[in-house]
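Enquirer: My questions will all concern the structure given below.
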Ligand SMILES: [Zn+2]
């Protein structure tokens, strides 16, 4: 026999003999498979759900109760012995969501969306550290997820406490971090669920602003666009179809309209639009365009722009999409970062016309070109020519503060947008004593010494890395009041403390 307890979100069963509680159902999660997963994860479940835990003796409240390892949400006392419990309901700090460096929802409109730009004020904490040339160290470490070619998302998914997910799209694997057990768990697809795998283009998902319990967001897969739900108790996930057509690029959002590039009949590229309520909108055949290799869409000036080695696809809600091939011999260097803005607000992309590097104006049929004398790495005005920042126009001369930086090469990873600052700040990698070509540094050459740096009001060297290769796989993310940096080759994710972010 078991007593049934109902809380606003859950149903719990209390064993009549032992006094042990188990979760029978919880809002949005359906039937719970408690016995196969509860072992070792009770603390994580309690925090995730905002349930109650017996107090440990260390609380100096006398002996803790041993009747149950967990109690329903809101319980203050053990119903068997009356001893006080630790109530977790309502105690979780509100933490900012992290949807990947390309999906910040809070950036103002005049900043391009879809680039690694965050609105979180990371500099406020990081600039408190000793300034360069002092070489710092990371404060915390986390093991990488078992499938380490992945991207990270930290959000609440409708639960009281935030959790970190790592999705490896190439293998279609979703991983869940239990911060109390300090373990990654691979979530299993529920029976009949479609595959998560997506490898046709740069990966990108769309967040939900007000998620229901377990709701993660909209994800592209090889079969279509799906709504992703997780059940962290059962360690499962499921996909709910939103658009059943093979996705060939990451979806984009503009003015409450969604746009998906899909493979249509006879292998033509089709842009399918969806309304704010995800109801199907107009579809446009784009013709025989590439079915792989697209960048994540960049949203700027009321239109979405997918970049490709062959050209750019532009879409403004309510209009037909336009494909503009690159002019003449000009080829983009997409690996250098991404679009950047001139002072008059036009968007530009770096490339090479066979003779020299130059910036090409984006989004217009007869683009202007601005030649430059060497590679420039970065995006969204966080731009470097070798070791020196480029301020003013993207093609302006670099700002030389220290001649010694001539023999280093800086690769921007994440810009932290701050309206109150004249110069962009952000996280970069600096390759020391590297005078080779930028293309080679970004490919698989091994770079002997790299520093991780914060460029801001003061420059801070956060850490040092020996023998780095494939630096473009360095992925920053923010979770649990830390800035983290992951690389699939490393055996730990490095983390730096941030003061409480709001
Ligand atoms: Zn008790």
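The values are calculated or read from the model by the stated rules, or taken from the named source; none is laboratory data. Because the structure is a prediction, the values reported are computed rather than measured. Positions of Cβ are generated from backbone atoms using ideal geometry, with glycine treated the same way; all protein chains shown enter the neighbour counts.
Enquirer: What are the residues in the stretch 80-95 that are crowded, with 16+ Cβ neighbours inside 10 Å and either under 30 Å from residue 478 (Cβ atoms) or within 9 Å of the ligand (Cβ to nearest atom) (or both), if any?
Expert: 83, 85, 86, 87, 88, 89, 95
Enquirer: Here is a follow-up. Determine if the stretch 283-296 includes at least one residue that is under 26 Å from the mean Cα position of the chain (by Cα), at pLDDT 95 or above, more than 19 Å from residue 203 (Cβ to Cβ) and surrounded by fewer than 22 Cβ atoms within 10 Å (Cβ to Cβ).
Expert: Checking the stretch 283-296: not a single residue is under 26 Å from the mean Cα position of the chain (by Cα), at pLDDT 95 or above, more than 19 Å from residue 203 (Cβ to Cβ) and surrounded by fewer than 22 Cβ atoms within 10 Å (Cβ to Cβ).
Enquirer: So is residue 228 outside the structural domain of residue 48 (by TED's automatic domain parsing), assigned to a strand (DSSP E or B), in contact with a strand residue (DSSP E or B) (Cβ under 9 Å, 6 or more places away or on another chain) and over 30 Å from residue 47 (Cα atoms) or not?
Expert: Against the criterion (outside the structural domain of residue 48 (by TED's automatic domain parsing), assigned to a strand (DSSP E or B), in contact with a strand residue (DSSP E or B) (Cβ under 9 Å, 6 or more places away or on another chain) and over 30 Å from residue 47 (Cα atoms)), residue 228 does not qualify.
Enquirer: Mind telling me which of the residues 320, 276, 266, 309 ends up being at pLDDT below 95 and assigned to a loop (DSSP other than H, G, I, E, B)?
Expert: From the options 320, 276, 266, 309, the qualifying one is 276.
Enquirer: Something else now. Do we have any residue at all in the stretch 291-298 that's touching a residue at least 12 places away in the same chain (Cβ under 8 Å) and more than 23 Å from residue 244 (Cα to Cα)?
Expert: The answer is yes; a qualifying residue exists.
Enquirer: Wholly within the stretch 378-491, which strands (runs of 3 or more DSSP E) include no fewer than the required count, namely at least 3 residues that are over 27 Å from residue 111 (Cβ atoms)?
Expert: Answer list for the stretch 378-491: 447-455, 460-468.
Enquirer: Residue pairs, Cβ under 6 Å, 6 or more apart or interchain, first in the stretch 456-472 and within 9 Å of residue 446 (Cα to Cα), second surrounded by 19 or more Cβ atoms within 10 Å (Cβ to Cβ). List them.
Expert: Here the result reads 468/447; 468/450, each pair linking the stretch 456-472 to a residue that is surrounded by 19 or more Cβ atoms within 10 Å (Cβ to Cβ).
Enquirer: Sticking with this one: Please pick out the residue among 485, 501, 475 that is at pLDDT below 95, in contact with a strand residue (DSSP E or B) (Cβ under 9 Å, 6 or more places away or on another chain) and over 19 Å from residue 376 (Cα atoms).
Expert: 501
Enquirer: Considering only the stretch 53-65, how many residues are within 9 Å of the ligand (Cβ to nearest atom) and at pLDDT 85 or above?
Expert: 1
Enquirer: Moving on. For the stretch 205-217, name all the residues that are in contact (Cβ under 8 Å) with a residue 60 or more places away in the chain and either buried (at least 20 other Cβ atoms within 10 Å of the Cβ) or under 28 Å from residue 295 (Cβ atoms) (or both).
Expert: 205, 206, 207, 209, 214, 215, 216, 217
Enquirer: On the given criteria, is residue 202 surrounded by fewer than 21 Cβ atoms within 10 Å (Cβ to Cβ) and under 14 Å from the mean Cα position of the chain (by Cα)?
Expert: yes
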